[in-house]
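Trainee: This is the structure, below, for whatever I ask next.
The values are calculated or read from the model by the stated rules, or taken from the named source; none is laboratory data. Since we're looking at a predicted model, the values are computed, not measured. Backbone-built Cβ (ideal geometry, glycine too); neighbour counts: all protein chains shown. Surface accessibility is based on the protein's heavy atoms, side chains included, excluding ligands, DNA and RNA. Shrake-Rupley method; radii C 1.70, N 1.55, O 1.52, S 1.80 Å.
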Amino acid sequence: LFHSHQNPKKLYLQRRLKTKNLKMKQVTFFFFFSLFLLFSSTLSISQAPESSPKSPKKTPPTPKATAPSPKSLVPTLPESPDSTDSVPDDITTILKKAKTFSVLIRLLKTTEIMSSVNSQLITAKNGGLTILAPDDSAFSSLKAGFLNSLDENKKIELLQFHILPQYVASSNFDSLSNPVQTIAGKDPTRLPLNVYASGNNVSLSTGVVTASVVGVVYTDNKLAIYHLDKVLLPRDFFATKAPALAPTLAAAAKAPKAANKENSSADDQDQNDQDQGKSGAVRLCGILGTTLMSFVAVAMIWS
């Protein structure tokens with residue numbers, strides 16, 4: 001009876017011991033598994049590269065396509081009855097015969113530019129000359145005292161601005177490329193001269209005034225003189241230079257740009273630090289959550 005009474009108790013103790021050993025093994029396993037997760041997470045944080053936001057690429061602006069200008073028609077201008085086929089010895093003689101260019105003749109003589117123009121016309125083998133001649137009414141429509149306000153160099157430049165260093169027939173104005181060059185020079189900012197031909201109309205624009213060709217005074221194979229209704233005033237006569245900024249004002253103008261650039265760089269750096277801090281906080285929360293769940297599981301098994 002004693003043997004039979006002790007046998008069940010011994011069996012119970014043995015089963016209890018086996019259960020306790022099993023729980024110890026499970027606790028040990030979860031403990032080492034939690035340590036492994038913690039170590040691997042910490043290693044991934046230390047090896048994770050810092051990522052910086054990529055700045056968006058700036059695309060260059062697409063240039064706007066310019067529509068081709070329509071080709072002008074060839075004008076037909078009235079010929080002067082005084083036109084001859086011989087090369088003239090003096091241009092002022094031709095202008096005197098027209099009887100409406102006395103102011104232009106006086107300017108040509110007083111500036112002594114006529115001698116150089118005549119010599120250039122006589123010695124020219126190719127190209128010739130084209131003179132755009134304003135009549136007396138064109139000069140009278142100018143502001144009172146305008147011609148007297150010009151010095152000698154300005155008067156010479158004004159006359160040179162009315163002479164093209166090539167022969168242009170009355171039917172070839174539409175073949176000229178703008179801006180047209182004069183013997184005063186070809187500067188699109190100081191001395192722009194654009195020619196527009198449409199039908200029987202030929203106009204010339206300087207950016208200050210627009211004149212029209214109203215007839216032909218003289219033409220041959222080297223010289224062409226055209227009658228204008230207005231004086232061609234160069235833009236250079238009316239251009240005003242902007243005063244230069246003082247050094248203090250220039251420095252003050254540049255200062256806000258530099259400050260804005262520094263503020264933008266500081267904001268980008270702060271944004272990068274905030275993003276990295278958020279990423280590290282999320283990883284740390286994941287590690288703590290995993291560890292806490294492991295200990296909860298161990299506590300439940302132990303109980």
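Trainee: Using 1/(1 + (r/R0)^6) with R0 = 25 angstrom and r between the beta carbons of D187 and K97, what's the FRET efficiency to the nearest 0.05?
Mentor: Numbers: r = 34 Å, r/R0 = 1.37.
It comes to 0.15.
Trainee: Run the accessible area of the stretch 91-237 with a 1.4 Å probe and give the carbon-and-sulfur part as a rounded percent.
Mentor: 48 percent
Trainee: Report the extension gain between I122 and N21 in nm, rounded to one decimal, defined as 0.36 nm multiplied by the number of residues separating them, less their alpha carbon distance. Please report the intermediate quantities before stating the final value.
Mentor: Details: separation 101, 0.36 × 101 = 36.36 nm, distance 12.72 nm.
Length difference between fully extended and current span is 23.6 nm.
Trainee: Let me ask another. Can you list residues whose amide H is under 5 Å from T219's amide H, if they're 5+ apart or on another chain and H is modeled 1.01 Å from N?
Mentor: For T219, the qualifying residues are T84, I225.
Trainee: What full-extension length gain, to one decimal in nm, is calculated for K143 and R106 as 0.36 nm per residue of separation minus the Cα-Cα distance?
Mentor: On the way: separation 37, 0.36 × 37 = 13.32 nm, distance 1.83 nm.
Length gained between K143 and R106: 11.5 nm.
Trainee: Give the long-range amide H neighbours of D187: residues separated by 5 or more places, or on another chain, with amide H under 5 Å away, using H modelled in the peptide plane at 1.01 Å from N.
Mentor: The list, which skips near neighbours in sequence, is empty: none.
Trainee: Under a 1.4 angstrom probe, counting protein chains only, how are F36, F238, F146 ranked by accessible area, largest first? Don't skip to the answer; put the middle values down first.
Mentor: Details: F36 125, F238 100, F146 30 Å².
Descending order: F36, F238, F146.
Trainee: Right, something else. Provide the FRET efficiency to the nearest 0.05 for the S198-D220 pair, computing r from the beta carbons and using R0 = 22 Å.
Mentor: Numbers: r = 26 Å, r/R0 = 1.18.
According to the calculation, E is roughly 0.25.
Trainee: If you don't mind, there's one more thing I want to ask. Above 17 angstrom, tally the Cα pairs of the stretch 144-239 and express them as a % of all pairs, no decimals. Before the final figure, lay out each step's value.
Mentor: Details: 2320 of 4560 pairs.
Every Cα pair in the stretch 144-239 considered, those over 17 Å come to 51 percent.
Trainee: Which residues' amide hydrogens lie under 5 Å from the amide hydrogen of Q181, considering only partners 5 or more residues apart or on another chain, with H built in the peptide plane?
Mentor: none
Trainee: In whole Hz and in residue order, list the ³J(HN,Hα) couplings for the stretch 134-147 that follow from phi through the Karplus curve 6.51 cos²θ - 1.76 cosθ + 1.60, θ = phi - 60°; x for Gly and Pro.
Mentor: For the stretch 134-147, the Karplus curve yields x, 7, 5, 5, 5, 6, 5, 7, 6, 4, 4, x, 5, 5 Hz.
Trainee: Also: Starting from the 7 Å offset along Cα-to-Cβ, what nm value, one decimal, do you get for the label separation of A169 and L37?
Mentor: The modelled label-to-label distance comes out at 9.8 nm.
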